[in-house]
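First the structure, in the form of structure tokens, and then the observations on it.
Throughout, read-outs are computed from the coordinates displayed, never taken from laboratory work. Because the structure is a prediction, the values reported are computed rather than measured. Cβ placement follows ideal geometry from the backbone for every residue including glycine, while neighbour counts extend to all protein chains displayed.
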Amino acid sequence: MDQNNKWSCAAMDGLYLSIVTIIYSLAVSVLQPEGFFIKTLLWIAKFGGCIYLLWMFMKKWSEKFDTISYGKSFNYGFLVCLFSSIICACFGYIQVEWLFPEQIDEAFSIAQETMASQGTLDSTSESALNMVMGNFGRITLFFSLFYYIVFGAIASAITAVYTKKENPFGQMGNE
């Protein structure tokens with residue numbers, strides 16, 4: 001199979017996979033659901049949708065081959081998750097910096113008020129809080145990219161078990 005085709009298929013599948021997380025993030029930011037049950041239900045729907053789509057994309061990719069090893073199946077799933085991670089992390093940056101910055105400002109104001117009411121807000125902690133607030137978009141980008149990549153690697157490792165195809169006669173076919 002052509003490597004360029006593998007990368008372009010993984011990029012498109014990563015784009016489709018990232019749409020689930022983007023819709024979830026937008027829904028939570030715009031609707032601001034109240035209550036633990038609703039928030040948990042939305043997160044479970046996102047989690048299940050992402051796992052299902054990853055499995056579907058990996059299965060579709062493995063159907064192109066007579067046999068495909070665990071490693072090659074994992075490799076494709078990881079590529080899909082890598083592209084999805086980049087898109088989701090960039091969207092998180094855009095969301096924090098341009099779409100909903102007032103929510104972040106509100107959260108930092110609440111943190112300052114809480115620290116002040118507890119007597120733990122001194123000049124050092126206030127300057128640290130301001131430094132984090134000033135760099136929150138970049139911090140979000142870095143840590144969400146790390147989180148999504150690690151989660152994608154774990155999900156791909158588990159899903160590859162169910163998408164590999166082995167030749168029962170022991171001979172490897174075209175991969």
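For this structure, a couple of remarks:
- Rg of the Cα atoms in the chain, relative to 2.2 N^0.38 Å, amounts to 1.32.
- Of the GluC sites (Glu not before Pro) found in the range 28-118, those in coil by DSSP whose Cβ has at most 14 other Cβ atoms within 10 Å are 34, 63.
- CD proxy at 222 nm, helix term only [per DSSP H run n ≥ 4: -39500 (n - 2.57); per residue of the chain; nearest 500]: -27500 deg cm²/dmol
- Taking the longest Cα principal axis of the chain as reference, the axis of helix 136-163 is set at about 30 degrees.
- Unit Cα scatterers, Debye sum, the range 1-104: log10 I(q)/I(0) for q = 0.21, 0.22, 0.23 Å⁻¹: -1.06, -1.12, -1.18
- When the Cα positions of 71, 123, 41 are compared along the charge dipole of the chain, 71 comes out farthest toward the positive end, with charges on each C-beta of Lys, Arg, Asp and Glu.
- Non-local Lys pairs in the chain, i.e. 8 or more apart or on different chains, that have alpha carbons under 18 Å apart: 17
- Sequence-separation-based contact order of the chain, relative, with Cα cut under 8 Å and 6+ spacing, percent: 37
- With the alpha-carbon atoms of the range 26-78 aligned to their principal axes, the span from lowest to highest coordinate is 49, 17, 15 Å, starting with the largest.
- Taken about its Cα centre, the chain carries a charge dipole of about 860 debye when Lys and Arg each add +1 at the Cβ and Asp and Glu each add -1 at the Cβ.
- Once the Cα atoms are used to define both axes, helix 36-62 deviates from the longest principal axis of the chain by about 30 degrees.
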